[in-house]
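Here the structure comes first, spelled out in structure tokens, and everything after it is commentary.
Readers should treat all values here as calculations from the given coordinates under stated rules, not as data from a laboratory. Because the structure is a prediction, the values reported are computed rather than measured. FYI the Cβ positions are ideal-geometry reconstructions off the backbone, even for glycines, and counts take in every protein chain you see.
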Amino acid sequence: MMLTELSIKDFAIIDEISVTFNDGLTVLTGETGAGKSIIIDAVQLLAGGRGSVEFVRHGTKKAEIEGLFIINPKNHPIYNVSKQFGIDIEDEQIVLHRTITAGGKSICRVNGKLVTLAILREFGSTLIDIHSQHETQSLMHPENHIDLLDLYNRDEIMKAKEDYTYLYNELVNLENRYRKLSNNEQEMAHRLDLLEFQLQELEEASLNPNEDEILEEELSHLANFERIFTSVQDAYNALYGENKGLDWLNIAQQSLQDGRNYNDFLSEKAEELTSYYYNIEELSFALRNFSETLEYNPARLNEIESRLNEINRLKKKYGATVNDVLEYMAKIEEEIDEIKNKDSHLNRLVEQISEMKKDTFLEAKHLHDLRRRAANSLINEVHDELASLYLEKASFSIAFIPEIDENALTYFENHPVKFYKNGIDQIRFMISTNAGEPLKELDKVASGGELSRIMLVLKKIFSNHQGITSVIFDEVDTGVSGRVAQAIAEKIYQISRDSQVLCITHLPQVASMADTHTLIEKGENKNRTSTNLFELKPNEQVEELSRMITGTKLTETAKEHASEMLHLAENYKKQEIN
């Protein structure tokens, strides 16, 4: 699953480019200002990011971005998203398209179908995960941590979450009914007046189940009476009477009867035709009997039309069909009874809410226990990964913060807790990067280099669980060097083993790990600045790595160093594969 083709036209300083991406790790390098960040901006817009007329190339009418994604696994989350929004996926391909006009309009399409920006964002978030040094990411949003933890042990937690959600929704419905029924007396009196008026109107209508469908059928019959009568009469007259269909069939079957004793074929067909004759004779009698029942009644036609007008008036107010209207009528009868007998119903609801809270708490506790076990496993895995990035002194933890409600009657671990859609937990990823320092929330970590490494660790762990098609790293290696840079390069490559990775970098260590190395250059075309992309050949890759090592002047030493880096990277990748 991957981003295969990306086309960009009249976007910022990009005139028109079309680039093919491969699986694995694609590294994009180039001088500062060559347009690397513009490529990421384009992909962000394709994923549903906020647009601006500033992106439209000067002197053009619109900027266009299009991406082709290949989706191989049938269980990829994108299939649920496409089903939700009624968009077909054919040949395991999805095409996202975004146009921004010079007038500020944004036009979005998925597989050729016009969609809103919000829908495009739903598709984009499932296909593309962009991480940059400066941009806030999903991993940095505390409100997302509970969903990430749930994904870590998806099979067990999702089943428990479904059970909890069902009970939670039932509890919310009961509590809403209680609040609605316990409103002030004046509101209840007004509500009762309205419901009794509606009930009287519906009772006076005396509706019957499926009455609208029955009357529509009868109306069609009466409105087409002449055509029905003529069809039956013409068919009957063609079959019955002197020198009509049955007469000729009788002659034919008598003729075959005369010769049946002399030939087996004639005997067989004589019996067959005789059977046909009697069947058609019965059919003609049925047509005659039916025609005798036909009677045109204009008064009945007017009566049906009047009744349907009344039914349609009620359907506009109370339901799409008569059955829906009758169902609504039953509901308001029940609500009227509740209001008139409010105290007894309130007492019953209190009992039901109490029992439902007990059941909901048991499921919430089970969900909490599963999350605890998943958290312990995740903490151990994060510590192992942090050590590989030279953060041996770092400490990672997951804080479970109950949703405390002082007015709640349900207690968990000595705290009064309230039920929420995700259970009774708030989850926070906590980190301490140095020994002796207290744990802080992940988004409070200050060092850019440390933050990059922590983010890479979490990205590597969660990439398998999130099902993202393409992961994009935009200079996440800023602020690191030496052995840490090499460790980051290896971690990015490890992520590319499970997801397609596109990485913009200034580090030669990361670039040397590339399965595909693409150079981004800024040039001129017709006296205008433009950005171009080139896939580097092995010898060109050596030169680009040398430039990244020395900065400007290429030296033989730098080239030797670049060749050695590529050789070591190749050996590392072979070890990872084996």
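If R0 is 56 Å, what FRET efficiency do you get for Leu114 and Arg372 from their C-beta distance, rounded to 0.05? Could the numbers behind the result be given before it?
Details: r = 46 Å, r/R0 = 0.82.
Calculated transfer efficiency: 0.75.
Taking 7 Å along the Cα-to-C-beta vector as the label spot, tell me the Tyr262-Thr4 distance in nanometres, rounded to one decimal.
For the pair Tyr262/Thr4, the computed spacing is 7.5 nm.
Under a straight-distance cross-link criterion of Cα-Cα below 26 Å, which lysines are reachable from Lys105, leaving out those fewer than 8 residues away in the same chain?
List returned: Lys9, Lys36, Lys61, Lys62, Lys113.
May I ask you to compute the full-extension gain from Glu54 to Thr165, defined as 0.36 nm times their residue separation minus their alpha-carbon distance, rounded to one decimal in nm?
Working: separation 111, 0.36 × 111 = 39.96 nm, distance 4.40 nm.
In short, 35.6 nm is gained.
Under a cut-off of 24 Å between alpha-carbon atoms, report the lysines in cross-link reach of Lys161, not counting same-chain residues fewer than 8 places apart.
Result set, ordered by chain and number: Lys74, Lys83, Lys357, Lys358, Lys365, Lys418, Lys421, Lys459.
Got a sec? Charge dipole of region 516-578, +1 on Cβ for Lys and Arg, -1 for Asp and Glu; which of Gly551, Met565, Thr529 is way out at the positive end?
Sorting the options by dipole projection puts first Thr529.
With the contact rule set at Cα under 8 Å and sequence spacing of 6 or more, what percent relative contact order holds for region 100-246?
Working: 30 pairs, mean separation 7.5, N = 147.
Relative contact order of region 100-246: 5 percent.
Toward the positive end of the charge dipole of region 209-325, about the Cα centre and with charges on Cβ (Lys, Arg +1; Asp, Glu -1), which of Ala223, Gly241, Ser284 goes farthest?
Going by the charge dipole, the pick is Ala223.
Apply 1/(1 + (r/R0)^6) to the Cβ-Cβ distance of Ala399 and Glu560, taking R0 = 45 Å, and write down the FRET efficiency to the nearest 0.05.
Between Ala399 and Glu560 the formula returns 0.35.
Full-extension gain between Ser388 and Lys358, please, as 0.36 nm times their residue separation minus the C-alpha to C-alpha distance.
Numbers: separation 30, 0.36 × 30 = 10.80 nm, distance 4.55 nm.
Working it through step by step, the gained length comes to 6.3 nm.
At R0 = 45 Å, how high is the FRET efficiency between Asn380 and Glu213 if r is their beta carbon distance? Nearest 0.05 is fine. If you can, show how the numbers build up before the last one.
On the way: r = 64 Å, r/R0 = 1.41.
Step by step, r from the Cβ atoms, then E = 0.10.
Taking the Cα-to-Cβ direction at Phe197 and at Asn297 and moving 7 Å from each Cα, how far apart do the two end points lie in nm?
Roughly 3.7 nm, to one decimal.
Explain nothing, just the number: dipole magnitude of the chain about its Cα centre with +1 on each Lys and Arg Cβ and -1 on each Asp and Glu Cβ, in debye rounded to the nearest 20. Intermediate values should be presented prior to the final figure.
Details: 62 positive and 98 negative charges, 579 e Å.
Around 2780 debye, computed over the chain.
From the square roots a ≥ b ≥ c of the eigenvalues of the alpha-carbon gyration tensor of region 267-324, which class results: rounded (a/c under 1.5), prolate (a/b over b/c), or oblate?
Working: a/c = 9.73, a/b = 2.72, b/c = 3.58.
Taking the square roots of the gyration eigenvalues as a ≥ b ≥ c, region 267-324 is oblate.
What label, among (i) 23.3, 78; (ii) 27.4, 98; (iii) 37.4, 116, belongs to Rg and Dmax of the Cα atoms in Å computed from the structure on display?
Among (i) 23.3, 78; (ii) 27.4, 98; (iii) 37.4, 116, the one derived from this structure is (iii).
Rounded to the nearest 500 deg cm²/dmol, what is the calculated helix-only ellipticity per residue at 222 nm for the chain, with -39500 (n - 2.57) per DSSP H run of length n ≥ 4? Walk me through the numbers before you get to the answer.
Numbers: 18 runs with 319 residues, N = 578.
When only DSSP H runs of four or more count, the value is -18500 deg cm²/dmol.
What is the spin-label model distance, in nm, from Glu156 to Gln575 if the labels are put 7 Å beyond Cα along the C-beta direction?
With each label point 7 Å from Cα toward Cβ, the separation is 3.4 nm.
Leaving out same-chain residues fewer than 8 places away, which lysines sit with a Cα under 24 Å from that of Lys244?
Here the lysines satisfying the reach criterion relative to Lys244 are Lys269.
Full extension from Ser275 to Asn434: what is 0.36 nm times the residue separation minus their Cα-Cα distance, to one decimal in nm?
Values: separation 159, 0.36 × 159 = 57.24 nm, distance 9.87 nm.
Answer, rounded to one decimal: 47.4 nm.
Throw me the Rg/Rh for region 125-244, computed over C-alpha atoms with Kirkwood Rh, two decimals. Don't skip to the end; give the middle numbers.
On the way: Rg = 32.2 Å, Rh = 23.3 Å.
Here the Rg-to-Rh quotient is 1.38.
May I ask you to list the residues of region 292-330 whose amide nitrogen lies under 16 Å from a point 7 Å from Cα along the Cα→beta-carbon direction of Phe229?
292-302
Taking a ≥ b ≥ c as the square roots of the Cα gyration tensor eigenvalues, with a/c under 1.5 meaning rounded and otherwise prolate when a/b beats b/c, else oblate, which class fits region 8-107? Please report the intermediate quantities before stating the final value.
Numbers: a/c = 2.58, a/b = 1.41, b/c = 1.83.
Oblate is the answer for region 8-107, as a/c is 1.5 or above yet b/c matches or exceeds a/b.
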